[in-house]
2 protein chains.
Amino acid sequence: MSAPGRLRIVGLGPGGAAWITPEASHLIANATDLVGYAPYLERLPPKQGQTRHQSGNRVEMERARHALRLVEDGRHVALVSCGDPGVFAMAAAVFEAIEEGEPGWRDIDVAVSPGISAMQAAAARTGAPLGHDFCAISLSDNRKPWSLVEQRLAAAATADFVIAVYNPASTARPRRIHDAIALLRGLKAASTPVVFARAVGRDDEHISIETLASADSARADMSTLIIVGSSETRVIPRVGATPFVYTPRGRPPDDGG
Amino acid sequence: MSAPGRLRIVGLGPGGAAWITPEASHLIANATDLVGYAPYLERLPPKQGQTRHQSGNRVEMERARHALRLVEDGRHVALVSCGDPGVFAMAAAVFEAIEEGEPGWRDIDVAVSPGISAMQAAAARTGAPLGHDFCAISLSDNRKPWSLVEQRLAAAATADFVIAVYNPASTARPRRIHDAIALLRGLKAASTPVVFARAVGRDDEHISIETLASADSARADMSTLIIVGSSETRVIPRVGATPFVYTPRGRPPDDGG
């Protein structure tokens with residue numbers, strides 16, 4: 001029997017190397033095997049003696065099981081994910097594979113290394129729109145009914161959360177962000193600030209600040225993160241520059257915030 | 001008139017240096033002045049020629065204005081914050097100070113550098129409890145009525161979001177987490193997994209996995225982040241080890257997650 005392997009589920013953040021934590025870099029550098037969706041692996045410099053296992057982006061469970069089998073063979077695997085692997089990304093798929101898989105998989109040495117998620121990068125670029133209570137909702141309806149997406153959007157709007165929208169569109173379902181914005185228009189003020197943040201941290205980054213009335217859902221592709229403000233979210237106009245967007249917070253940082 | 005200064009609002013993450021991004025480290029190293037709550041500044045190595053401006057944790061607006069005035073004097077200021085400055089932290093205070101302050105402050109070169117927030121660290125340590133739709137709610141009621149906290153908790157529970165709870169307690173209001181858990185017990189299954197994550201990434205880190213029925217609100221102090229599962233959140237028991245907690249996600253990562 002070979003020496004025990006281990007699995008590290010590592011977040012690369014949404015963009016360039018400046019947002020990859022030292023922990024993530026260390027885990028990647030010390031892995032014998034890298035597993036991930038091909039475009040994420042391409043962001044990492046090649047390393048002699050390290051094996052790469054690329055996969056498409058629609059085979060998450062298969063990718064997770066492949067990583068777990070490599071660990072059974074004694075490999076030190078870094079499973080790389082964009083953003084934070086714990087937020088709408090690979091970590092949940094791995095734990096689902098462990099729960100459904102062979103009993104021995106529960107004993108595998110597995111740990112998650114967090115990363116900057118797309119909503120945080122989008123917020124940083126525009127000010128502080130996530131400065132107070134917020135929800136993060138995926139519009140993907142592949143494993144949940146669209147009615148549940150609608151229920152969650154309505155609840156978030158009615159209780160006046162800021163809303164971060166992941167997976168606003170896909171090739172198969174380009175119109176779901178359109179439907180989501182239509183729903184929110186019925187529940188929130190037309191002047192509510194809306195941020196469209198595309199490819200944040202990448203060369204083709206594009207930020208656009210709209211209102212719920214002016215928001216053009218055609219702007220949202222599968223690389224776009226959208227933040228819809230609460231009733232308290234404010235826009236600070238500036239001369240010759242993009243306005244700041246922020247949501248005021250409670251005053252004392254009891255947890256050190 | 002002096003050369004223009006600049007303000008960078010920098011997140012240190014919740015724990016040790018392994019979670020501080022290269023961008024944050026670079027901005028801190030290149031600042032002429034560091035501004036922040038004393039315990040956060042103490043986490044950073046001293047640097048010759050760099051001036052430190054420490055403050056207490058209940059003077060956020062004052063700290064923000066102090067940083068902006070230093071920038072007016074041509075200083076390159078790093079305003080450091082625990083976690084992600086954009087999530088229940090200093091960034092919103094700065095933009096509030098800019099909006100309420102002198103008109104010239106809107107022209108200041110200001111940018112936010114995101115960090116790992118407490119909920120992400122807590123999630124990483126336990127599995128993937130934030131793997132699907134979630135809300136982040138601060139229990140601080142200093143600038144919002146407690147009735148709004150209750151409304152948001154109830155909306156999040158009814159729409160079956162995972163709930164990340166910030167600021168569960170303070171010296172002044174130790175019982176608010178008790179009240180929040182009592183409210184959630186009336187709306188969610190007793191078996192719902194609850195994570196108490198204290199001081200994640202620090203020497204005194206402590207993680208406890210409970211259910212809504214067993215959750216002991218006395219465990220939560222001002223350094224604790226709490227995650228309350230959705231109806232789909234699952235616990236994977238393990239022999240001789242802490243169980244994993246995860247929330248299954250939709251299958252295809254359209255945004256690359």
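Give the percent of DSSP beta bridges with both residues in the protein assembly as shown that are antiparallel, rounded to the nearest 5.
So the antiparallel bridges in the protein assembly as shown amount to around 45 percent.
Tell me the per residue accessible area of the range A:76-211 using a 1.4 Å probe; a whole number in Å² is fine.
Normalised by residue count, the accessible surface of the range A:76-211 is 30 Å².
Which translational diffusion coefficient, to the nearest whole µm²/s, is obtained for the range A:110-189 from the Stokes-Einstein equation, given a Kirkwood hydrodynamic radius over C-alpha pairs, 10 °C and 1.306 mPa s? Let's see the in-between values first.
Values: Rh = 13.9 Å.
Reported coefficient: 114 µm²/s.
How many percent of the alpha carbon pairs in the protein assembly as shown exceed a separation of 33 Å?
Value for the protein assembly as shown: 34 percent of Cα pairs lie more than 33 Å apart.
Just want to confirm a number: the relative contact order over chain B, from Cα pairs under 8 angstrom separated by 6+ residues, in percent.
Values: 498 pairs, mean separation 49.3, N = 257.
Reported as a whole number, the value is 19 percent.
What residues have an amide H closer than 5 Å to that of A:Val112, excluding those fewer than 5 places away on the same chain, when H is modeled at 1.01 Å from N in the peptide plane?
Excluding prolines and chain starts, which carry no amide H, the hits are A:Ile9.
What fraction of the Cα pairs in the range B:1-84, stated in percent, has a spacing above 15 angstrom?
The share of Cα pairs beyond 15 Å in the range B:1-84 comes to 53 percent.
Considering only the label points, 7 Å along Cα→Cβ from Cα, what distances in nm to one decimal separate B:Asn30 from the same position in each other copy, shortest first?
2.9
List the lysines whose Cα sits under 23 Å from the Cα of B:Lys144, skipping any in the same chain fewer than 8 residues away.
A:Lys188
When all alpha-carbon pairs of chain B are counted, what percent fall beyond 29 Å?
Of the Cα pairs, 37 percent sit more than 29 Å apart.
Given the options B:Asp204, B:Asp133, B:Asp33, state which has the largest fluctuation in a GNM of chain B using a 10 Å cut-off (strictly under) for Cα springs.
B:Asp204
Give me the percent relative contact order of the range A:125-257, please, defined on Cα pairs under 8 angstrom at least 6 residues apart.
Worked out over the range A:125-257, it gives 30 percent.
Counting only C-alpha contacts under 8 Å and six or more residues apart, can you give the relative contact order of the range A:181-243 as a whole percent?
36
Within a Cβ distance under 12 Å of A:Ser55, other residues only, what is the Lys/Arg minus Asp/Glu net charge?
Net local charge, A:Ser55 excluded: +2.
Please report the carbon-and-sulfur percent of the accessible area for the range A:83-225; probe 1.4 Å, protein heavy atoms only, DNA, RNA and ligands left out.
50
Once both axes come from the Cα atoms, what is the angle between helix B:60-72 and the longest principal axis of chain B, in degrees from 0 to 90, rounded to 10?
Tilt relative to chain B: about 30 degrees.
Could I have the simple spin-label model distance between A:Lys47 and A:Asp204, label points 7 Å from Cα toward Cβ, reported in nm to one decimal?
2.9
Taking a label point 7 Å from Cα toward Cβ, how far is A:Glu232 from its twins in the other copies, in nm, shortest first?
Result, one decimal in nm: 2.9.
Helix B:176-185 against the longest principal axis of chain B: what's the angle in degrees, Cα atoms only, rounded to the nearest 10?
Approximately 40 degrees, to the nearest 10.
Restrict the search to the range A:51-160; then list the trypsin sites (Lys or Arg not before Pro) that DSSP places in a loop and that have at most 16 other Cβ atoms within 10 Å of their Cβ.
Passing both the DSSP loop test and the Cβ count: A:Arg58, A:Arg143.
Quick one: Karplus J couplings for the range A:149-160, per residue in order, coefficients 6.51, -1.76, 1.60, θ = phi - 60°, nearest Hz, x for Gly and Pro?
My calculation for the range A:149-160 gives 4, 4, 4, 5, 4, 5, 5, 5, 5, 5, 8, 6 Hz in order.
Subtract the Cα-Cα distance of A:Met61 and A:Arg143 from 0.36 nm times their separation in residues, and report this length gain in nm to one decimal. List each step's numbers first, then the result.
Numbers: separation 82, 0.36 × 82 = 29.52 nm, distance 1.32 nm.
Result: 28.2 nm gained on full extension.
Please list 3J(HN,Hα) in residue order for the range A:3-11, calculated via the Karplus relation 6.51 cos²θ - 1.76 cosθ + 1.60 where θ = phi - 60°; whole Hz, with x for glycine and proline.
Rounded to whole hertz, the list is 4, x, x, 7, 10, 10, 9, 10, x.
Using modelled backbone amide H atoms (1.01 Å from N, in-plane), which distant-in-sequence or interchain residues come within less than 5 Å of A:Tyr37's amide H?
Excluding prolines and chain starts, which carry no amide H, the hits are A:Ser55.
Taking each label point as 7 Å beyond Cα in the direction of the beta carbon, state the distances from A:Trp146 to the same residue in the other copies, shortest first, in nm.
4.3
Within 10 Å of each Cβ of B:236-244, how many other protein chain Cβ atoms are there on average?
Across the residues of B:236-244, the mean count of other-chain Cβ atoms within 10 Å is 3.
Apply the Karplus parameterisation 6.51 cos²θ - 1.76 cosθ + 1.60, with θ equal to phi minus 60°, to every residue of the range A:100-112 and state each ³J(HN,Hα) to the nearest whole Hz, in sequence, with x for glycine and proline.
3J(HN,Hα) across the range A:100-112, in whole Hz: 7, x, 5, x, x, 5, 5, 8, 5, 6, 10, 8, 9.
Using modelled amide H (1.01 Å from N, peptide plane; none on Pro or chain starts), what sits under 5 Å from the amide H of A:Thr51, excluding residues fewer than 5 places away?
A:Asp33, A:Leu34
Volume per residue, Å³, of the convex hull around the alpha-carbon atoms of the range A:140-257? Don't skip to the end; give the middle numbers.
On the way: hull volume 17.4 nm³, N = 118.
So the per-residue hull volume is 148 Å³.
The values are calculated or read from the model by the stated rules, or taken from the named source; none is laboratory data. Nothing here was measured: the structure is a model prediction, and the numbers come from that model. Neighbour counts run over all protein chains shown; Cβ positions are idealised from the backbone, glycine included. These accessible areas exclude ligands, DNA and RNA; they are computed on the full protein's heavy atoms, side chains included. Shrake-Rupley method; radii C 1.70, N 1.55, O 1.52, S 1.80 Å.
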